[in-house]
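The values are calculated or read from the model by the stated rules, or taken from the named source; none is laboratory data. Computed from a prediction, not measured in an experiment: that's the story for all the values here. Counting neighbours? That spans all protein chains shown, and the Cβs are built from the backbone with ideal geometry, glycine included. Ligands, DNA and RNA are stripped out before the accessible areas are found, and what is left, the full protein with its side chains, is counted by its heavy atoms. Shrake-Rupley method; radii C 1.70, N 1.55, O 1.52, S 1.80 Å.
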Amino acid sequence: HERVVESGGGSVQVGGSLRLSCVVSGFTAGTTLYMAWFRQAPGKEREDVATIDNAGATTYRDSVKGRFTIAKDNAKNTLYLQMNSLKPEDTATYYCAADPRRWGLPLTSVYVYNYWGQGTQVTVSS
């Protein structure tokens, strides 16, 4: 019954901004989730973009630091990714991931997460 649904992708020009949203549902009441944004371009491996733990601590990929911000709204069970100063290399399908356990792994690992959204496309053109 667990669901992870992201939205907010689109096509923008270099320097533009987008705000992605991820709504989670179907988990038992009171469940604390580790969450992250990943992205994947055609022919490339899925890579971490940003993560946020159960206490709100965050990590960012070096290439997006200072441009992207991950945030959560616990009341709405929603995760956000504010993306500013977008570059062509940010073009990818962005995925929201969640799991109640971290499995002893870095939160930047795809193997932490058992619940994934369907993906939302972000295209940055020059």
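List of remarks:
- Average accessible surface area per residue within the chain, 1.4 Å rolling probe, Å²: 53
- Pairs of Cα atoms nearer than 8 Å and 6+ residues apart set the relative contact order; for the chain it is 36 percent.
- Extension gain, Ser126 to Glu47, is 26.2 nm, computed as 0.36 nm per intervening residue step minus the present C-alpha separation.
- Selection of GluC sites (Glu not before Pro), segment 30-126, meeting DSSP coil and at most 13 other Cβ within 10 Å: Glu45
- Under 15 Å from the Cα of Lys65 - aspartates and glutamates, other chains or at least 8 residues apart: Glu47, Asp48, Glu89, Asp90
- Computed with the Debye formula from one identical point scatterer per Cα of the chain, without solvent, the log10 of I(q)/I(0) at q = 0.23 Å⁻¹ comes to -1.45.
- Evaluated with a Cβ-only charge set (Lys, Arg +1; Asp, Glu -1), the chain carries a dipole of roughly 120 debye about its Cα centre, given to the nearest 20.
- Within the chain, the longest segment free of exposed loop sites, counting trypsin sites (Lys or Arg not before Pro) that fall outside DSSP classes H, G, I, E and B and have at most 13 other Cβ atoms within 10 Å, spans 1-43.
- DSSP-loop chymotrypsin sites (Phe, Trp or Tyr not before Pro) across segment 70-107, with at most 16 other Cβ within 10 angstrom: Trp103
- Percent accessible area from carbon and sulfur atoms, the chain, protein chains only, probe 1.4 Å: 47
- R0 of 41 Å, Cβ-Cβ distance Glu2-Arg67: FRET efficiency to nearest 0.05: 0.85
- Label positions at Gln13 and Ala75, each projected 7 Å from the Cα along the C-beta direction, are separated by 3.8 nm.
- A crude spin-label estimate for the pair Ser85 and Thr28, with each label 7 Å from Cα along the Cβ direction, gives 4.4 nm.
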